[in-house]
Amino acid sequence: MGTATEPSEPPFDAVLCDLDGVIRFYDTSQVARLEAAAGLPQGITTAIGYAPENDLPLLLGQITRDEWAQSIVHGLAARASLSDARALAKAFTEADFWADEAVVRLLGQVRRHCPVVLVTNATVWLDEDLTALGLADLADSVVNSSLVGVAKPDRRIYEMAAKQAGARADRCLFVDDREENVEAARELGMTAVLFRAVDDLRGALAGLLDR
């Protein structure tokens, strides 16, 4: 008489996923056009906008979108006219965005097996952005740096996310497009994947989705 085979344990109990650079991407074509018209190096607005002294206060919920835009204007002041700097700051801080449908589909499949938590260094208007993308129900929960007052790679935000998922850190898969964030997750014992393309995520999820 044969014996029943015990089901194998899933590779992890929760997926903790970054948003920007994994799921959401921005259209910076208008910024590039304005930089070219102003004779500025391509990418300078992005570099200023995401400089820690300008970006981190926004991601911790300490400044408004208008204050963030003004910090970009100030950063461009030595290189561009005031009107060009203001136009670039507006185009950058109000850029259109889109979601990678392949990643969205994969995360939808994951939720049939385990919780998905977005762990994101984001703004206080993130919920509005997710609604605009049609992704308000993408995840079981969201840990947003601007609402919790802690940003990746601070270990506390990872601990918050694992708690939200109801999983131990060593039973979580963490996905992010920044190496420092991935390394911080690994230091907590998480399985961590550096995202560069959808195949990185698909490969990491294979042991879960192929069950």
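The values are calculated or read from the model by the stated rules, or taken from the named source; none is laboratory data. Remember, it's a predicted structure, so these values are computed and weren't measured experimentally. Backbone-built Cβ (ideal geometry, glycine too); neighbour counts: all protein chains shown. With ligands, DNA and RNA removed, areas are computed over all heavy atoms of the protein, side chains included. Shrake-Rupley method; radii C 1.70, N 1.55, O 1.52, S 1.80 Å.
Quick look at the values:
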quantity: Label-point separation in nm, Asp200 to Gln109, each point 7 Å along Cα→Cβ; calculated: 1.9
quantity: Calculated FRET value between Ser8 and Lys163, using beta carbons and R₀ = 41 Å, to 0.05; calculated: 0.95
quantity: Student exercise, the chain dipole from Lys, Arg, Asp, Glu Cβ charges, in Debye to nearest 20; calculated: 60
quantity: CD proxy at 222 nm, helix term only [per DSSP H run n ≥ 4: -39500 (n - 2.57); per residue of the chain; nearest 500]; calculated: -13500 deg cm²/dmol
quantity: For region 35-132, size of Cβ-based charge dipole, Lys and Arg +1, Asp and Glu -1, in debye; calculated: 200
quantity: Tail beyond 25 Å, pair distance distribution of region 79-211 (Cα, percent); calculated: 31
quantity: Built amide H within the under 5 Å cut-off of Cys172, gap 5+; calculated: Asp13, Thr191
quantity: Beta bridges per DSSP with both ends in the chain, % antiparallel, nearest 5; calculated: 15
quantity: Spin-label model distance (nm) - Arg211 vs Gln30, 7 Å beyond Cα toward Cβ; calculated: 4.5
quantity: Angle between the chain longest axis and helix 82-93 axis [Cα atoms, degrees, rounded to 10]; calculated: 10
quantity: Hypothetical label at Ala37: residues of region 82-98 whose amide nitrogen lies under 18 Å (7 Å Cα-Cβ projection); calculated: 82-96
quantity: On Cα atoms only, tilt of 65-76 relative to the major axis of the chain in degrees; calculated: 60
quantity: Pairwise centroid distance, computed over Cα atoms, of region 3-76 with region 171-211, Å; calculated: 19
quantity: Relative contact order %, the chain, counting alpha carbon pairs below 8 Å whose residues are six or more apart; calculated: 27
quantity: Average accessible area per residue (Å²) across the chain - probe 1.4 Å, nucleic acids and ligands excluded; calculated: 52
quantity: Whole-percent carbon and sulfur share, accessible surface of the chain, 1.4 Å; calculated: 49
quantity: For region 64-148: rounded, prolate or oblate by the Cα gyration tensor [a/c cutoff 1.5]; calculated: prolate
quantity: Rel. contact order, % - alpha carbon contacts under 8 angstrom, at least six apart, region 123-176; calculated: 27
quantity: Extended-chain gain in nm, criterion 0.36 nm per residue less alpha-carbon gap, Arg86 and Glu101; calculated: 2.1 nm
quantity: Label-to-label distance, nm, for residues given as Ala132 and Thr64 (7 Å Cα→Cβ offset); calculated: 1.7
